Every structure is written in structure tokens, then in C-alpha cells.
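J.: Handing you this structure, nothing more for now.
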Amino acid sequence: MAGHIACLRGWHPALAKAELSALLPDNEIGNLSSPRLVYISGELAIKQAIEAMEYSSGTQAILLDFITMDWDGKEITKQNFLLEVSKLLENCGKKGSIGVFSWRQEGRINGFSASEVAGLIGGIATRLGFSINLQNPDHKIGLVLDGLSQKVVCGWMVGYGTDSDGTTARKATERPFFKPISLDPRLARLAVNLVSKPRSMEAILDPMTGTGGFAIEAATMGRNVIALDLDLEMVKGAKINVDWSLGDLKLESTIEILQGDATNLSKSIPTKWHQRVSGLVLDPPYGRNSHGSLSHTELIKNTLLSFHDIATRDAKMVLILPIHPIKILKSESLDEMQDVELLHGQWNDFSEMLIQSGWKTEGRWVEHVHSSLNRLILHASIVPQDLEGSQHLLQ
């Protein structure tokens, strides 16, 4: 089968698919028969795949020029699959060393041994003149067994092929400046990617940065990031955390962590960034906030209105909201008509506020926090305003 496939991580495949679409905007990402396997259509250079995997939080690996098999338990089916793999290796034009990496997801495939088939693929590669190197190979072959769909997939692997995505080392409890409310770095990284282009000279804004979770993930990807907080303690702590996360890494990107007001961004953000901020990541405080008498909804509304003053005309946003628990479908986004019970206010009123503030909802997903709390992850795009429209928003 010609084309490419992505293997998504299991913690939230629907979010991971949306993230991959943002990282590969020129490709169409389509569903296969398992939520953790998605098809990538269109041309995809290996450089693009490598960059997407360096950024991605939700994708485990991309398999280029993949071959797939629906396992029916018959030996002849396995032999035909290996024959196709042999053709892939023989016609690839590659030389040097190969490593074959296998894993299973979504359960087992009875009668099919990943280690056995990986060994057979290694034998084919050796006969074709490749050497085997599992530590640092020139080329990687990925072999994925998806128990839910009973599919076996093989292809040239870009990525890790492991469950680790590197964010564990940056989790909140490991940081020098820690607060219990800190966002999981997996979700923070994914949110940054949802509002970002693959590579851009534009900036990402986190206007209520707290301990700097979004800023850490943006900075470690080499993105331009501006982070604000009204609380000077948070500003100092976020700087400490970002410096800690970068270590000795030297980047050409700009990282600015400033004391400033999210509801007055034109004065809080340096003028050199005006109309150069293309992404907004927002996880507002939902207890007592530092903006005094503003309610949770008013704080968000004023921030969204203020963002128009500095945003590009194609800006994106991820807004994270606390909601009462609902049934979570990690393989799907929420239906656009489905109501949710916000901790603060009614969804219909909040949705109308988004429209009035100049935003169009692109997708919604739910993540579990604990037994009495979920998070709503809302992805939206800015609606460009002419002068008359901008005046209308501010009325």
C-alpha cells in the first residue's frame, strides 16, 4: 500500500490526530480502522516527518512507504507480507545499517509474534547487504501490531517507537519552581503545536503563564514564545523553570517572560511583536485570580478581545477550561452540538461570548483530571476584523 502512516500514542488519540494535522498542514490525515493508526496522504519529505516527530507530543512514530496486512491467522498471509517487506527493502536504494523495532498497541494479535517477524525482517535485510544495528542504525524499520484492528504495519520509521515522549523529565514535580496546579507537559506541548505552524518566525503567547508550562514546551521546541503573568513571583519562577528546561541548549528563538496584564496586551507585549503573534495558549486560573473583581468568563473575554490588537490575521488558540465530568471518548472530538457543564457559567453563554470576541471553534476534546473534574480543550481560529468589526467587538 503506497503512502505513509502515523502511530499515535494512547493517552488521547483524537487530540494527537489534531496535533499531527497542525504539524503537517499540507497533508490530509485520515482515519484507519484503529484510533491509533492514521493515514497521511500527499507528499511527505523525510525532513518534514523528522521535524513533526521532534515536536509532537501525541505521535509515537511515522512509517514512510508503509505496508499493511490484515491478519487472518494463515501462514500464507504472513509469507505474503514478508514478501512485500522484502520488495520494500530491495527497491529502497538505501545502504548501511538497519534496526528493526516492533511494538504492539491496543491488545494482542493471536498467532503473530512481533519478535519472530522482526527477526525474519532482519534476516531479509542481512541477505540484501544491510548490517543490523539496534543502537544507532542508519535506517529504522518499524513493525506495529494493532490488536484492535488486527492490522500489522511495517515501514521506514521516523520517531522513537517507544511509549516515552521525553516530557516526563519536565513534569511539574521535577521543576525547580513548582505549584500543584501546573499543567501536564504532554498536554502543554500538544496545545502549543495546535496553535503553531511547523516552523515560523511568529510568536506563541501564553498570557497567564503561571509556572511556565506552555513556555517550557514552546522554548524546548525552539519556537518564539512570549509569556506574561501579573504576579511577579510567577514571572520569576517561570524564568527559572524555562532556564532549567533548556539546560545548555542554545537556541536562536526568542523567549520573553514578562510581568504584564493579559487583558491589556497591546501595552504588555513589546511593539516589535504586534501583529506577529500567531498562537494563543490559555489556561486561565479558575479559583481566585490575580485580576481582582473579574469573573472567570470576564477575564477570558477581555483577554480574547485584547489579543486582536497584537495577533496575526490567521491566529489560532487553545483554551483550556475546567468542566464537570462527562463520558470521555479519547478517539473522538466532541460533537459540535454537545453541551458541557462548565465549572463557571453555562456553555451556551460561553460559546456566544467566543463568537462575540471574534473566534470560531474548530474542535473540542475532553481530558480526565480526577473523579470530579475534567478539562475541555478548545481549539479555535481568529476571525479577522476590519476596523468597523474591531470597534464592534469592543462595544
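J.: State the antiparallel share, in %, of DSSP beta bridges confined to the chain, rounding to the nearest 5.
T.: Of those bridges, close to 60 percent are antiparallel.
J.: Right, another one. Which percent, nearest 5, of DSSP beta bridges in the range 4-159 are antiparallel?
T.: The antiparallel fraction comes to roughly 70 percent.
J.: Still on this structure, I have one more. For the range 175-227, what is the Kirkwood hydrodynamic radius in Å, using each pair of distinct C-alpha atoms?
T.: Roughly 11.3 Å, rounded to one decimal.
J.: Please list, in chain and number order, the residues 5+ apart from Ala227 or on another chain whose amide H is under 5 Å from its amide H, with Hs placed from the backbone.
T.: Asp206, Glu256, Ile257, Leu258
J.: Multiplying the sequence separation of Thr168 and Glu54 by 0.36 nm and subtracting their Cα-Cα distance, what value in nm do you get?
T.: 39.5 nm
J.: Let's see if you can work this out: charge +1 on each Lys and Arg Cβ, -1 on each Asp and Glu Cβ, no other charges. What is the dipole magnitude of the range 156-224 about its Cα centre, in debye to the nearest 20?
T.: 100 debye
J.: Can you give me the distance in nm between label points at Glu332 and Glu28, each placed 7 Å from the Cα along the Cα-to-Cβ direction?
T.: 2.2 nm
J.: Quick one: which residues, 5+ away or cross-chain, put their amide H under 5 Å from the amide H of Thr59? H built at 1.01 Å from N.
T.: Hits under the 5 Å cutoff: Arg9.
J.: OK, next. In bins 10 Å wide, starting from 0, what share of all Cα pairs of the range 168-394 does each bin hold, as a percent?
T.: For the range 168-394, the binned pair fractions read 8, 34, 39, 17, 2 percent.
J.: OK, next. If each residue of separation counts as 0.36 nm, what is the full-extension length gain between Asp231 and Gln79 once their alpha-carbon separation is subtracted?
T.: Extra length from Asp231 to Gln79 when fully extended: 48.3 nm.
J.: A follow-up question, please. Using +1 at the Cβ of each Lys and Arg and -1 at the Cβ of each Asp and Glu in the chain, identify which of Met234, Ile124, Ser357 lies farthest towards the dipole's positive end.
T.: The residue sitting farthest along the positive end of the dipole is Ile124.
J.: Treating the beta-carbon of each Lys and Arg as +1 and of each Asp and Glu as -1, no other charges, what is the dipole magnitude of the range 168-394 about its Cα centre, to the nearest 20 debye?
T.: Roughly 660 debye, rounded to the nearest 20.
J.: Could you pull out every one of the lysines with an alpha carbon less than 18 Å from that of Lys171, ignoring same-chain neighbours closer than 8 positions?
T.: The qualifying lysines are Lys179, Lys239.
J.: Shifting gears a bit: For the range 4-159, what does the equivalent ellipsoid look like in terms of its semi-axes, each the square root of 5 times an eigenvalue of the Cα gyration tensor, given largest first in whole Å?
T.: After scaling each eigenvalue by five and taking roots: 24, 20, 13 Å.
J.: If the limit is 21 Å between Cα atoms, which of Lys272/Lys301; Lys47/Lys197; Lys17/Lys316; Lys17/Lys301 go over it?
T.: Lys272/Lys301; Lys17/Lys301
J.: Can you list residues from other chains, or at least 5 along the same chain, whose modelled amide H is less than 5 Å from the amide H of Glu362?
T.: Hits under the 5 Å cutoff: His379, Ala380, Ser381.
J.: Mind running the shape call on the range 105-228? Use the C-alpha gyration tensor, a ≥ b ≥ c as the square roots of the eigenvalues: rounded below 1.5 for a/c, prolate if a/b tops b/c, oblate otherwise.
T.: Judged from the Cα gyration tensor, the range 105-228 comes out prolate (a/c at least 1.5, a/b above b/c).
J.: Could you sort the peptides 36-43, 14-21, 343-350, 363-370 by per-residue average Cβ neighbour count (10 Å cutoff), highest mean leading?
T.: Those peptides, ordered most packed to least, come out 14-21, 36-43, 363-370, 343-350.
J.: Roughly how big is the range 4-159's charge dipole about its Cα centre, with Cβ charges of +1 (Lys, Arg) and -1 (Asp, Glu), in debye to the nearest 20?
T.: So the dipole magnitude of the range 4-159 works out to roughly 360 debye.
J.: Quick one: net charge around Asp146, please, counting Lys, Arg +1 and Asp, Glu -1 for every other residue with C-beta under 11 Å from its C-beta.
T.: Once all neighbours under 11 Å are counted, the net charge is +2.
No lab work stands behind these numbers, since they all come straight from the coordinates. The structure presented is a predicted model; accordingly, all values stated were derived computationally and were not measured. Here Cβ is always computed from backbone atoms with ideal geometry, including for glycine, and neighbour counts include all displayed protein chains.
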